[in-house]
Each structure stands twice: as C-alpha cells, then as structure tokens.
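The values are calculated or read from the model by the stated rules, or taken from the named source; none is laboratory data. All of these numbers come straight from a predicted model, not from anything done at the bench. In this analysis, Cβ positions are derived from the backbone assuming ideal geometry, glycine residues included, and neighbour counts consider all displayed protein chains. Ligands, DNA and RNA are excluded from the accessible area calculation, which covers all protein heavy atoms including side chains. Shrake-Rupley method; radii C 1.70, N 1.55, O 1.52, S 1.80 Å.
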Amino acid sequence: MRRVPPEMFRFTTADRSDLYGAVLDAFGVAGEHLETALGLDAVRERLRGVGWAAAVEDDELHEVLRKLVQWELLDVVHNHAENYRTAEEYERRNLQFSLTRKGEAALAGVRHALEVLASMGALQTAVLEAIADRLDELCLLSSEPASVDRRIFSTLRELEGHLEALVENTKAFNGELQRLLRAEAADLEVFREVKAATVAYLQEFLVNLDRRGQAVAAAVARVEERGIAVLRERALRGAELPPVTGENPAAGWLESRRARWAGLRAWFLPDDGARPRIEQLHDIARRAIVSLLQVLERINESRRRSSSAVQDFRELARWFAAAPAEEDLHRLWSAGFGLGPARHAHLAHPDPELIPSSLAWSEAPPVEVSALLRTSGRTERFTRTARVRDVAAVRAQRAERAGAERAELARAWRALETDGPVRLSSFRALDPAVFDRLLDLLGRALSARPDAGGLRRATTGDGRVEIVLSPPPDDRVALLRTAKGSLTGPDYVVHITAVGGASAFPALRVTRQEAAG
C-alpha cells in the first residue's frame, strides 16, 4: 500500500481545522465552476458560498492560506497580467491560489470519509441486474467495428461503477448488520421493530440471489470468450487519454482495468477454485436472519414472562452491593436462596376431627409432607394394588403360534430337500411360503463365490440347511409357479440338504410329488 504524505491531512487536526476545511471546500467548489485560481477576495466570497458565516480578518485568512501552501495543499503564483492602481490593490489581487494534486486528494479524501460516515449501506438486487446488463452489452459491442470504442469505454466504466457501488454498499451494510446483532437497545419496542424490518429486508434480498449471481458469472464467461484483453485495448482507445509529460498513462490505466476485472471475477467467477463472494454474502445474510430471529424470540419471550430471572439476579446483586454489614449479607443470602415454595399449605391431618379447633397451629402435631411434593409438586396417593393379569391364555396362544410357524418352516424345508442334484425346473408349482424359502436360498448361493469346480455353496441363517448350486449345463429355462405369480430364469442344478447329511426334519418328510401337488 502506498504511503500517504504526512502533511496531507494535518489541516484536520490543527487549531483552526474548521476554517482550513472550509477554505479547501471553497477551492473545490470553485474547481467545479472551472475556476482554477482564487485571489483573496474570491476566497472570501467562496467561503460564504460554502456556508462559512463567521467573519474572517485579512490577517487570519492570509495565515490560513500560508499554512495550506506550507503543507503543499495550495499553490501560490503572482498575477502579472493585471494592472494595479494602488499598493493595497496590488497586495490583494497579486497573489493567486490554486489547489495542488495533494490538495485535491486531501479534499476528496475528507469528502469520501464524510460520505462513508453518513451512508448506511444497502443490498441492492438492481445493481446485480445492472452488472449483468453491462456485461451483455460488452459482448454485443465486442463484435462491432472500431467506431464503437467510445461506447465500449463508457460501458466498461459503468460496469466498474456498478461493481464499486455493490462492494461499498455491501461492506457498509454488513458493518451496520454486525453492529445491529451486537446492539443492546434500551427501547425494546424500537429495537424489535428495527430487527424485524431487517429480517424482512434480508429475506427479500435473498430471493433469486443464486440465479442473479449465476447470470452474472455466465455473462463474465461470455465476455472473456470474446477476449477481455482486446476489449480493454479498445476501451483505452475510446478513453482518449490526454497527452502528458513523462510516463505514458496508458499502462497505468490498463493495469487499473485489470485490477477491477479481477475484483469482478472474485465476486462472481473466481479462477482459483474459491467460493464466489456473492455466495459468502448469501451465507452471511442467512446467518444474520437466524441470529435476528433468535433475538426477537428472546425479546418476545421476556415480554410473555411476568418477571425475568436475569433482572431478579441483577436486583439481588444491587442489594448485596448496598448491604451495610457482613451479617446483613448472610441474612440476604438466606432470604434470597433459602426460601422454598409453600406447596404443603393445603395439606391436612389424616383425621382433622382429632385436632381440637381451639388448639393453636404452633401446638398442633405436624403434618407429614411427602418428599415427592417438593421434587415434582405432586403428593403421593396410595390406592389398592392393581389386579395381576392371568397370562396363561396369552402364553398358550403364543406357544401355539410358535409351533405352527415351526411346522410351516419344517414343511417348507422338507418340500425343498432333494435326494441329489436336480434341475430348478423340477420344483414347478410351489406354495408361496416354500417359494420364499427357495428364493432366499438361491439368493444366498448366487451371492457366494464359486469354488474351483464352479459350485456355489450357501447355508441358511441358522446353519441347518445347505444349498449347492451348479451352473446350468444348457440354455433351458426354468418356470416356477406360485399362487402369487411365476418366476422365469436359468435352469440351475441345485442340491438342497440338511447340514451333515441327515434330514433336517425327519418327522415331516414328504415326497417331491406331495410338495409340488
């Protein structure tokens, strides 16, 4: 970063800083009217024009101008083109003052600082649309002849102006937003209204923000396809920079355009894989909405409660601070934290008739208070023990259901058990339950890896039934039918047996024809 000359802003901290600033402002207004040099009388007239109403003596004005010249903010020359009739006229009209480059920069810096202090910042979707429009216009102008170079220059400058407005307004609004999130206003009503309005403002800005950002990124890519370097060269010709002595200003102008374009890419289409800043702005806005809604919820919650625990503790802290002695502190502690709710005041003796009405409460026997009352706010109630339910019928029903399921499973496995390797088509029509078991076995076998002989082996989950699956020797197709539908597939060779070679369910052995029938 370039270093600012130390004398440039000294006028803002000097003894007569207001007058120094008014004089520089007078020269700035004169420059807007194309008056480059002012004499003493012209300076006094311009001071009244910028709002300086106090009287200024000639000696004081001479001293102010001399200091500004000493700080290199003003330049003084002698006017030899005038004819002077008296020495006084020569003294007043001979010296002519004008702003130097440092003076112009200092005046512009002060004005910009005042604008930043007065600005609030904003999130403007219209600026995003304007940026996309200027980029589309550059795409169209890039194919036009050299006669439109001036339009390319003006369009590029408009694009940079919109980008600068977007950046400055976004930074200012984000700063105000973060200060709002940290603010603790005394007037909760105004505070709540401001935050609610800010939430609505952010939500409206976020509508279609992704689409607008993507539209700008696509427009940037289209412009770069046409050749951004050539476009800058044509804009340089359209700028018609004046000739100056010394270094050629074209190189600095082009470097400034490259820096502005890099800033545009950083916002919408970064080339280093980073997230576009417009997406970061999207995240910041959404987090701010969540934070503001949480604050609003806390404000509304504090309104619904008759008292706040935070306020109670603060008030108690003030009492502690005002306690005159240590004994008072102990009494205050006991009063503040030793009290319990009087939940037992409604309790009575089991038989109140045994307590004489003339007996004082301090002499009456105590009432038994349940520990459950203090912890949960409810008293204990002792009633008759509930009747134990007879579960014999439920147990018998469950045993019967389990036996039926086991019998059904046994029949299914026996229907699938084979005396040796058979074709899958030999099963033909099957009961739905048997068909489900067969599908489970086939799925397990097909998911297993084949051994050296090409056989696939698998067992059921309980390890009691094993299937050996061989690839089909030909192109035959097996058709298995059930009441729910049919299955068509390769006619594999299967061998289903109980693990160990014995029958898994000898008591329920059936033949193939019975199972199929």
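Each residue in the range 20-78 was checked for being of a type in the set (D, E, K, R), under 21 Å from residue 102 (Cβ atoms) and part of a helix (DSSP H, G or I), and 6 pass. Screening the range 238-265 for residues that are acidic (Asp, Glu) and without any contact (Cβ under 8 Å) to a residue 40 or more places away in the chain and picking the one that is nearest to residue 223 (Cα to Cα) gives 255. Residue-level analysis places residue 457 outside the set of residues that are part of a helix (DSSP H, G or I) and surrounded by 11 or more Cβ atoms within 10 Å (Cβ to Cβ).
With respect to the conditions (1) at pLDDT 80 or above; (2) under 17 Å from residue 105 (Cβ atoms), residue 63 lacks only one, and its number is (2).
When residues in the range 411-428 are screened for being in contact with a Ser or Thr (Cβ under 7 Å, 6 or more places away or on another chain) and over 15 Å from residue 470 (Cβ atoms), 1 of them pass.
Residue by residue, here is whether (1) out of contact with any helix residue (DSSP H, G or I) (no Cβ under 6 Å at 6 or more places or on another chain); (2) assigned to a helix (DSSP H, G or I); (3) more than 18 Å from residue 495 (Cβ to Cβ) holds:
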| site | (1), (2), (3) |
| --- | --- |
| 387 | yes, no, yes |
| 390 | yes, no, yes |
| 401 | yes, yes, yes |
| 437 | no, yes, no |
| 444 | yes, yes, no |
| 461 | yes, no, yes |
| 469 | no, no, no |
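Evaluate the following for residue 483: is it open to solvent by less than 40 Å² (accessible area, probe 1.4 Å) and either closer than 19 Å to residue 410 by Cα or at pLDDT below 85 (or both)? The answer is no for residue 483. Cβ-Cβ contacts under 7 Å between residues 6 or more apart (or on different chains), taken from a first residue in the range 386-397 that is at pLDDT below 85 to a second residue that is surrounded by 10 or more Cβ atoms within 10 Å (Cβ to Cβ), are absent. Among the candidates 55, 37, 26, 42, the residue that is among the aliphatic types (A, V, I, L, M) and touching a strand residue (DSSP E or B) at 6+ places or on another chain (Cβ under 7 Å) is uniquely 37.
Kindly evaluate residue 14 against the criterion of being modelled with pLDDT of 75 or more and open to solvent by 10 Å² or more (accessible area, probe 1.4 Å). No; evaluated as a whole, the condition is false for this residue.
Quick grid of which residues meet (1) in a loop (DSSP other than H, G, I, E, B); (2) over 30 Å from residue 200 (Cβ atoms); (3) among the hydroxyl-bearing types (Ser, Thr, Tyr):
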position	(1), (2), (3)
254	no, yes, no
257	no, yes, no
262	no, yes, no
266	no, no, no
270	yes, yes, no
275	yes, no, no
279	no, no, no
283	no, no, no
289	no, no, no
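Residue 373 meets all of the listed conditions (1) free of Cβ contacts under 8 Å to residues at least 24 places away in the same chain; (2) out of contact with any helix residue (DSSP H, G or I) (no Cβ under 9 Å at 6 or more places or on another chain) but one, namely (1).
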